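Undergrad: Here it is, the structure, as structure tokens.
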Amino acid sequence: LPVDKFLLLAAMAEKLDGLGLAAPQIGINETFFVKKEEAGYRVFINPSYSEIEDPKTPVTQREACLSIPGIEIPVTRPGEILAKWMEVNSEAGVVEEKVSYLNEFEARVFQHETDHCNGITILSTGI
């Protein structure tokens with residue numbers, strides 16, 4: 001596992017005061033992102049998401065992006081998603097698959113950072 005890359009990405013996100021940062025945003029051609037949480041930055045490896053069968057009405061909100069400083073763009077996203085990713089369990093020394101329903105702000109951040117992992121920015125998803 002590229003632990004050094006995880007640490008580098010978290011350090012960059014902290015320096016830039018970001019809620020999240022995806023590896024491709026800093027030139028790392030791998031599919032993972034970090035997201036700021038109370039205990040520090042959490043690493044999401046190979047993230048993906050899907051709308052739930054009966055999603056809440058899509059929500060349009062302004063999003064900012066560290067890749068495009070100083071600009072906010074209205075982006076419409078599902079209000080609730082089923083998120084999947086891999087995560088390092090350092091205590092057990094293994095990588096585990098995680099699945100979770102996310103809604104509102106958590107869903108928006110997960111979708112935004114996953115989009116970056118797939119080469120998509122708010123410039124292409126915004127209204």
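The values are calculated or read from the model by the stated rules, or taken from the named source; none is laboratory data. Predicted model, so just to flag it, every value in this text is computed and none were measured. Heads up, the Cβs are rebuilt from the backbone with ideal geometry, glycines too, and the neighbour counts pull from every protein chain shown. Surface accessibility is based on the protein's heavy atoms, side chains included, excluding ligands, DNA and RNA. Shrake-Rupley method; radii C 1.70, N 1.55, O 1.52, S 1.80 Å.
Undergrad: To the nearest 20 Debye, how big is the dipole of the chain about its Cα centre, given +1 on the beta carbon of each Lys and Arg and -1 on that of each Asp and Glu?
TA: Result for the chain is approximately 300 debye, rounded to the nearest 20.
Undergrad: If you don't mind, there's one more thing I want to ask. Can you work out the accessible area per residue across the chain, with the rest of the protein chains kept in place, probe 1.4 Å, in square angstrom?
TA: 59
Undergrad: Then there is this: To make sure I understand the rule: partners must be lysines, Cα under 18 Å from the Cα of K98, and not fewer than 8 residues away in the same chain. Which ones qualify?
TA: Straight-line reach from K98, under 18 Å: K35, K36, K84.
Undergrad: Within the stretch 62-127, list the GluC sites (Glu not before Pro) lying in a DSSP loop whose Cβ has at most 14 other Cβ atoms in a 10 Å radius.
TA: In loop regions of the stretch 62-127 (DSSP not H, G, I, E or B), the sparsely surrounded GluC sites (Glu not before Pro) are E91.
Undergrad: Note the full-extension length gain between I68 and N118 as 0.36 nm times their separation in residues minus their Cα-Cα distance, in nm to one decimal.
TA: Gain on stretching I68 to N118: 16.3 nm.
Undergrad: Any idea how far apart K15 and S50 come out in nm if each label point goes 7 Å out from Cα toward Cβ?
TA: 3.9
Undergrad: Right, here's the next one. If you put +1 on each Lys and Arg Cβ and -1 on each Asp and Glu Cβ, how big is the dipole of the stretch 61-127 around its Cα centre, in Debye rounded to 20?
TA: Here the stretch 61-127 has a charge dipole of around 260 debye.
Undergrad: Mean residue ellipticity at 222 nm from the helices of the chain, using -39,500 (n - 2.57) per DSSP H segment of n ≥ 4 over the full residue count, to the nearest 500 deg cm²/dmol?
TA: -7000 deg cm²/dmol
Undergrad: Still on this model: Got a sec? Charge dipole of the stretch 57-127, +1 on Cβ for Lys and Arg, -1 for Asp and Glu; which of F110, V59, S100 is way out at the positive end?
TA: Sorting the options by dipole projection puts first V59.
Undergrad: Then there's this: E91 to V59: FRET efficiency via 1/(1 + (r/R0)^6), r the Cβ-Cβ distance, R0 25 Å, to the nearest 0.05?
TA: 0.10
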